[in-house]
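Have a look at the structure below, then the notes.
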Amino acid sequence: MGVSGPIRVVIAKPGLDGHDRGAKVIARALRDAGMEVIYT
């Protein structure tokens, strides 16, 4: 079984509390590692 492209990661932040810095740091690190990141 082979991989057909980059790994896709979904990062979601529930609520409207505004504490999203950690999620953005993780999203950037994963993107820099070659993964496709979907941040919502």
Filtered residues of the range 9-20 (kept if loosely packed, with under 10 Cβ neighbours inside 10 Å and not hydrophobic (A, V, I, L, M, F, W, C)): Pro14, Gly15, Asp17, Gly18, His19
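Looking at the range 21-30, can you tell me whether even one residue there is surrounded by 11 or more Cβ atoms within 10 Å (Cβ to Cβ), more than 12 Å from the chain's Cα centre (by Cα) and not aromatic (Phe, Trp, Tyr)?
The answer is no, given that none of the residues of the range 21-30 is surrounded by 11 or more Cβ atoms within 10 Å (Cβ to Cβ), more than 12 Å from the chain's Cα centre (by Cα) and not aromatic (Phe, Trp, Tyr).
Go through the range 1-32 and give me each residue that's of a type in the set (Val, Ile, Thr) and in a strand (DSSP E or B).
Quick first cut of the range 1-32, residues of a type in the set (Val, Ile, Thr) only: 3, 7, 9-11, 25-26.
Once the filter is applied, which keeps residues that are of a type in the set (Val, Ile, Thr) and in a strand (DSSP E or B), the range 1-32 yields Val9, Val10, Ile11.
None of the figures in this text is laboratory data; all of them are computed from the coordinates on show. Just so it is clear, the structure is predicted and the values come from calculations on it, not from any experiment. Note: ideal-geometry Cβ built from the backbone for every residue, glycine included; neighbour counts use all protein chains shown.
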